[in-house]
1. Given the structure, is G314 surrounded by 20 or more Cβ atoms within 10 Å (Cβ to Cβ) and small (G, A, S)?
2. When you scan segment 225-243, how many residues do you find that are at pLDDT 95 or above and loosely packed, with under 14 Cβ neighbours inside 10 Å?
3. Looking at (1) in contact with a Cys (Cβ under 9 Å, 6 or more places away or on another chain); (2) closer than 30 Å to E227 by Cβ, can you tell me which one R292 breaks?
4. Find the helices (runs of 4 or more DSSP H) located wholly in segment 125-222 whose residues include 3 or more that are surrounded by fewer than 16 Cβ atoms within 10 Å (Cβ to Cβ), and list them.
5. For a quick check of your reading of the model, give me the residue pairs whose first member lies in segment 202-219 and is assigned by TED's automatic domain parsing to the domain that holds E168 and under 15 Å from S184 (Cβ atoms), whose second is of a type in the set (S, T, Y) and part of a helix (DSSP H, G or I), with beta-carbon atoms closer than 6 Å and at least 6 apart or on different chains.
6. Would you mind stating whether K209 is out of contact with any Lys or Arg (no Cβ under 8 Å at 6 or more places or on another chain), of a type outside the set (V, I, T) and closer than 20 Å to L326 by Cα?
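The values are calculated or read from the model by the stated rules, or taken from the named source; none is laboratory data. This structure is a prediction, so every number in the text was calculated from the model and none was measured. Methodologically, a virtual Cβ is constructed for each residue, glycine included, from the backbone with ideal geometry; neighbour enumeration extends over all protein chains shown.
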Amino acid sequence: MINKKSICIISFSPIARDARVLRQIQYLSPHYPLTVIGYGPPHPSYADNPNIRWIELTKDSSPSPPRLVQAWRNRDYDNLKITLRIKNKGKNILYKAAPFLGFVIPRAYELSYRFKRWKPHTTALEYAINSACAVYHANDWKALPVAAQAARSNNGRLVLDLHEYAPEQYGDRNFRMFDARMISYIIRKYAPQVDASTTVADLIAQKYKKKFHLNPVVVLNAPERTELPPNRIDPHDIKLIHHGVASERRSPKIMIETIALCEQRYSLHFMLLENDYLKELKRLADVIAPGRVTFHKPLPPEEIVGYLSKFDIGFYILPPSNYNQLVALPNKFFDFINARLAICIGPSPSMASMVRSKDMGVVGPTFSPRDIADILNRTTPDEWRSMKEGSSRASQTLNAETEMKKVLNIYQKLL
């Protein structure tokens, strides 16, 4: 039996670390019964909430065929290895062939999608259908086929939250030739079924409207606004902070190269998720900016803003290698604002427009370390203090409470 006020949130992401999905859960759960389907255990803040049912997905491969099970039972390890090799090779051939087939038979793109995430897709679809919810909320295009099929099975409504402009998520040739076509096919196929959609920036919303005839409501990636004690700038020790994922695609080396060219009053602090690339960044910092770059342990989403408030300037230099980086309005940008930091960025148009209009910081003329260092070196402590006050004013409207009212309004209309 369908619960006429219930919502099923589907996200192929680690829910406990996904700030955007956690905000959806926070603001929707007091009003509607939720079923949340995604990777990993629930966030501790919501694990015992009686209004939320959690379904934990795993990334395990598809179930073993009978021959594989038999080989395991008989301890026939040679046959086990051969069977595994055949199974994986066959799967890989089909997975790799599907995008090529898509040029001739577009439906093959959906086959490619399913091969890549067979087990979680199948499991999520089964739980989503059995949840018998009134609305299915797909977090990004990857969850769209599952949410759309479950909504159709239960005669439910469909909401699509598009975190980026997915068909141009990366700029490399292979992505453009194959993945971008598959993603476009998936969105185009299910777009007519979508009852409401959201995304993260105006320019991205415009592109989805033009290419797929969706009309997304822009819901900015803004965190909760909290009361914070004033943090005075030490003119001899001005601390820049950058947090997030250590990814070569985002060119964080530029920020280290910049601090190496800055006056000694500036220091750089990173709070990045651990991976192999982080080691490379640490080596670079030791070589070109010894003693001026500090690496901090990453924190869960709900602790980030409070920790950032100990610093002075939110720092993000993002030379674009794809459309999403060009028009980015990321979580960290709004974390800076709600931490009451001044902001230093490159000429990324969406962020730059907001920084200038609200007097929150400085925008480099280019993404070059020399140009960014020059603008930092020219800015006085009094100017930084004024910019921090600009961020404080902006945080009164650029916060989760303001943005999530838009999501609640969507659900009030649908339910």
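1. Values: surrounded by 20 or more Cβ atoms within 10 Å (Cβ to Cβ): yes; small (G, A, S): yes.
It is true that G314 is surrounded by 20 or more Cβ atoms within 10 Å (Cβ to Cβ) and small (G, A, S).
2. 4
3. Tallying (1) in contact with a Cys (Cβ under 9 Å, 6 or more places away or on another chain); (2) closer than 30 Å to E227 by Cβ, R292 fails exactly one: (2).
4. Numbers: elements: 144-153, 180-190, 202-212.
In segment 125-222, the matching helices (runs of 4 or more DSSP H) lie at 202-212.
5. Partner pairs satisfying both residue conditions: L214/Y208.
6. Details: out of contact with any Lys or Arg (no Cβ under 8 Å at 6 or more places or on another chain): yes; of a type outside the set (V, I, T): yes; closer than 20 Å to L326 by Cα: yes.
For K209, the condition - out of contact with any Lys or Arg (no Cβ under 8 Å at 6 or more places or on another chain), of a type outside the set (V, I, T) and closer than 20 Å to L326 by Cα - is met.
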